[in-house]
Amino acid sequence: MFSEFNNAFINLLLQFLSVLILAIALSQVSKDPSGKHCNLVSVAVLLQLLSIIAFMFPSMSTLAEIGVGSSLSTQMYLHHLAGLFVILFAIYIKLAVDGRIKPIVDPFNLMKITLALWVLVFIGGLSLYLKLWEGISLL
């Protein structure tokens, strides 16, 4: 029912939705930092996890089997590693802000780093999408 292209397109839509939710969360940070902001970021992270499990992991497995060029492969692995850090940082921040764990690193300082990394991962993922599905190279 779903082709590889359809899966990639649905994944891309989830990524844009996630970034949109993140942008809305950023607009709420000064108004309601522990309420709407945290809830919206949690939704964005959950969308990311869903996307990783449903679309990215199977695609990565397929691409690893067929083999891709070394520069594209390096970009893919860096993208996935940085994305993993975004998810881990987001979970750490949520647990630290909620008081469920004792913070080792100030979660409020880590939020800015996580946001910057999330944006870089999104741009890198968009670049990968264009290279893999459309044959377009931005670099």
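Observations
- The K112 and I53 beta-carbon pair, evaluated with R₀ = 30 Å, returns a calculated FRET efficiency of approximately 0.65.
- Per-residue packing, averaged as other Cβ atoms within 10 Å, sorts the ranges 123-131, 94-102, 20-28 into the order 123-131, 20-28, 94-102, beginning with the highest.
- With each label modelled as a point 7 angstrom along the Cα→C-beta vector, the V97-S71 pair spans 3.9 nm.
- Sorted peptide list for 47-55, 108-116, criterion being average Cβ within 10 angstrom, highest first: 47-55, 108-116
- Placing dummy labels 7 Å off each Cα toward the beta-carbon, the span from L130 to N7 is 2.4 nm.
- Computed from the C-beta positions of L81 and I104, the FRET efficiency with R₀ = 22 Å rounds to 0.60.
- Linear extension gain, S34 paired with L17, 0.36 nm per residue minus alpha-carbon span: 4.0 nm
Any read-out appearing in this document is the output of simple, stated calculations on the displayed coordinates, not a laboratory observation. Every value quoted in this text rests on a predicted model; they were computed, and no experiment measured them. Cβ atoms come from the backbone with ideal geometry, glycine included; neighbour counts cover every protein chain shown.
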